[in-house]
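Just below is one structure, and these are the notes that go with it.
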Amino acid sequence: MSKTHTLLMPLDMHLHLRDGVMLENIAPLTAYSFSGAIVMPNLVPPVETLKDIQAYKARIIAAVPNDYFEPYMTLFYKNYDKKFLESISQEVTAIKLYPAGITTNSEGGVSSFNIEEMRETLQAMSDLEIPLCVHGETDGFVMDREAEFMSIYELLASTFPNLKIIMEHITTKEAVTMLDKYENLYATITVHHLILTLDDVVGGMMMPHLFCKPIAKRPEDLDALLNVALAAHPKVMFGSDSAPHPQHKKEACGCAAGVFTAPISLQLLCEIFEQYDKLDNLQAFVSDNAQSIYGICPEFKEITLEKRPFVVPKDYSGVVPMYAGEEIAWAIESVD
Ligand code: DOR
Ligand code: ZN
């Protein structure tokens, strides 16, 4: 008999669903196997008003009519006043901060980390218990951007000790070290950053479908990420950062950043955790830690995966996934 593994209420704590036809094609893939996901607000224009949040949530729910799936909504960070934050606090699960221009559709993000300019917003978020999710990269040399951002995390975490700050999609040993330095710092980790180093992206032929921000780093960074993920460190959560782009925008001169993993992320996680004999810790990484950190209680969903070869489709409605056309070791067996 082949080996199986069951997960309860998986959560993707960092997901891009886009909008329009892309949303309609992509959202069902996550809704099939996850109980819920934190949905990123970097649309064009970004999600930044109460109306935007409610309308986007309605479009997501309409795109997944037959599945139970909770979209946990986020707002695009600006220096908002307290009154506005009070008015949206029940509608969002977190607020997502992008440094201006650092990645896809982030032009309207923060251009200077001036604490005095940010104080009202961040203090109000702390008081209202709205977590701050951060894309932590400077505009420095690409391999150093995340490590350079650590001083900004320290400033934010120490100035607002009651504000929950999530270091999104961490890729470095420096970020892993930071986790234990401040009580109010947490992190998400993608599945591709548990597999790739920069070598896989540009070390041989250039692989556009593995190109993302932040870019995959060095072997020692991969080891540090694997250590905390496999141990299901209570401050880390799975967040795929699955970021679909149409094939022509990836296989182009000027490749868009983003790895599309939504339909295969749980299968890949089983493969990694099994390889290190840590399958028992996967439940905490893909759901339990997130439930405690965010204080959320997703609707029941049970998904069983089986260890058997699965050939990843070449594309999903014009979006090429990681490992397109290749065989991976685990497949989804059933979802209840
Ligand atoms: O690779 C990425 N793609 N990183 C991000 O931060 C944004 C994302 C996207 O929206 O495509
Ligand atoms: Zn993202």
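You will find that of Gln275, Gln283, the residue that is more than 15 Å from ligand 1 (Cβ to nearest atom) and either within 28 Å of Leu23 (Cα to Cα) or among the acidic types (Asp, Glu) (or both) is Gln283 and no other. Return yes when Ile26 is assigned to a helix (DSSP H, G or I) and touching a strand residue (DSSP E or B) at 6+ places or on another chain (Cβ under 8 Å) and no when it is not. When the stated conditions are applied, Ile26 passes them. Being of a type in the set (Lys, Arg) and within 16 Å of ligand 2 (Cβ to nearest atom): is that true of Lys213 here? So Lys213 fits the description; yes. I'm trying to understand the selection: among the residues of the range 97-134, which are under 28 Å from Ser292 (Cα atoms) and touching a residue at least 60 places away in the same chain (Cβ under 8 Å)? Hits for the range 97-134 are Pro131, Cys133. Restricting attention to the range 325-336, the residues that are part of a loop (DSSP other than H, G, I, E, B) and in contact with a Phe, Trp or Tyr (Cβ under 9 Å, 6 or more places away or on another chain) total 1. The number of residues in the range 33-59 being within 16 Å of ligand 2 (Cβ to nearest atom) and assigned to a helix (DSSP H, G or I) comes to 1.
Of all the residues in the range 58-96, those that are free of Cβ contacts under 8 Å to residues at least 60 places away in the same chain and touching a helix residue (DSSP H, G or I) at 6+ places or on another chain (Cβ under 7 Å) number 21.
Quick check: is even one residue across the range 196-205 in contact (Cβ under 8 Å) with a residue 60 or more places away in the chain and more than 16 Å from ligand 1 (Cβ to nearest atom)? No, because not a single residue in the range 196-205 is in contact (Cβ under 8 Å) with a residue 60 or more places away in the chain and more than 16 Å from ligand 1 (Cβ to nearest atom). Look through the range 148-174, keep the residues that are of a type in the set (A, V, I, L, M) and more than 15 Å from ligand 2 (Cβ to nearest atom), and return whichever of them is farthest from Ser112 (Cα to Cα). Per the stated criteria, the residue is Leu163.
Read-outs throughout are calculated quantities, based only on the coordinates presented, and are distinct from any laboratory measurement. Computed from a predicted model, the values in this text were never measured in an experiment. Using ideal geometry, Cβ is built from the backbone for each residue, glycine included, and neighbour counts are taken over all protein chains shown.
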